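Chemist: Starting off with a structure, shown below.
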Amino acid sequence: MIQEMVGGLEAKLEFEPDNFAGWMQLAKSYSVLGNIEKTKTAYRGAAAANAQAIEPRVQLADLILKSTNTNDAIPKEVARLGKEILFLDTRNPDGLFISGLVAENSSDYRKARGYWTELIDILGPKNAAVSAVENRLKKLPQ
């Protein structure tokens, strides 16, 4: 049943490539089906359909990072997505975290520290994610 819905949505999007909601629904459907590559493609379609939308960029970056080996370089697409997210919202927590990862991966520890310090300020001391970010900060070389 989901497969039929996905097929119909795919066909609709061929004629309505600017249908942001359709792309987001398609991404969620592919995710349920476990098709990561098609999920990524759908999030790319959603981002293209709505240049102001942050959610598809965050979701796409997350999927790419999850499929990247720990010791590999951060993919250029993730770096671009982090920049786009921060362009749209300079205080977006996801954008700050992603940009910190990119900076850390590029050995720009000063920049990573700046992104993650700002992230902690935005999240506030009671947020559960703060301790994980603080741990990353502690591990950065001086």
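Chemist: May I ask for the Kirkwood hydrodynamic radius of the chain, worked out over all distinct Cα pairs and given in angstroms to one decimal?
Modeler: Details: mean 1/r = 0.0616 Å⁻¹.
Kirkwood hydrodynamic radius for the chain: 16.2 Å.
Chemist: Report, to the nearest 10°, how far helix 55-66 tilts away from the longest principal axis of the Cα atoms in the chain, using its own Cα long axis and a range of 0 to 90°.
Modeler: 70 degrees
Chemist: Still on this structure: If you stretched the chain out fully between Gln52 and Leu65, how much longer would it get, using 0.36 nm times the residue separation minus the C-alpha to C-alpha distance? Each step should come with its number before you reach the end.
Modeler: On the way: separation 13, 0.36 × 13 = 4.68 nm, distance 2.19 nm.
Here the answer is 2.5 nm.
Chemist: Also, I was wondering about something else. For Pro141, what charge total do you get from the other residues with a beta carbon under 15 Å from its beta carbon, if Lys and Arg give +1 and Asp and Glu give -1? Can you show the working numbers first?
Modeler: On the way: positive: Arg110, Lys111, Arg113, Arg136, Lys138, Lys139; negative: Glu104, Asp108.
Local charge sum for Pro141: +4.
Chemist: Would you work out which of Ala132, Tyr43, Ala27 lies farthest towards the positive end of the dipole of the chain? Charges go on Cβ: Lys and Arg +1, Asp and Glu -1.
Modeler: Ala132
Chemist: Dipole of region 60-142, Cα-centred, from +1 at each Lys and Arg C-beta and -1 at each Asp and Glu C-beta, to the nearest 20 debye? Please list the in-between numbers first.
Modeler: Values: 12 positive and 11 negative charges, 46 e Å.
Computed charge dipole of region 60-142: roughly 220 debye.
Chemist: Using the Cβ atoms and a cut-off under 12 Å, what net charge is assigned to the surroundings of Asn19, where Lys and Arg are +1 and Asp and Glu are -1? Walk me through the numbers before you get to the answer.
Modeler: Values: positive: Lys12; negative: Glu10, Glu14, Glu16, Asp18.
Every neighbour counted, the sum reads -3.
Chemist: If you don't mind, another one. In Å², and per residue, what accessible area does the chain have when probed at 1.4 Å with the other protein chains present? Could the numbers behind the result be given before it?
Modeler: Details: 8570 Å² over 142 residues.
Value for the chain: 60 Å² per residue.
Chemist: Project the alpha carbons of region 1-69 onto their principal axes and report the range along each, largest first, in whole Å.
Modeler: Projected onto the principal axes, the Cα atoms of region 1-69 cover 34, 28, 13 Å.
Chemist: Against the longest alpha carbon principal axis of the chain, how many degrees, from 0 to 90 and to the nearest 10, is the axis of helix 109-123 turned?
Modeler: Taking the Cα atoms of the chain, the angle to 109-123 is about 70 degrees.
Chemist: Please work out the C-alpha center-to-center distance from region 78-142 to region 21-66 and express it in whole Å.
Modeler: Their Cα centres are 22 Å away from one another.
Chemist: Measuring from label point to label point, each 7 Å out along Cα→Cβ, what is the Asp72 to Asn135 span in nm?
Modeler: 2.3 nm
The values are calculated or read from the model by the stated rules, or taken from the named source; none is laboratory data. Predicted model only: the values in this text are computed from it and were never measured. Here Cβ is always computed from backbone atoms with ideal geometry, including for glycine, and neighbour counts include all displayed protein chains. When the accessible area is computed, the model is the full protein with side chains, heavy atoms only, and any ligands, DNA or RNA have been set aside. Shrake-Rupley method; radii C 1.70, N 1.55, O 1.52, S 1.80 Å.
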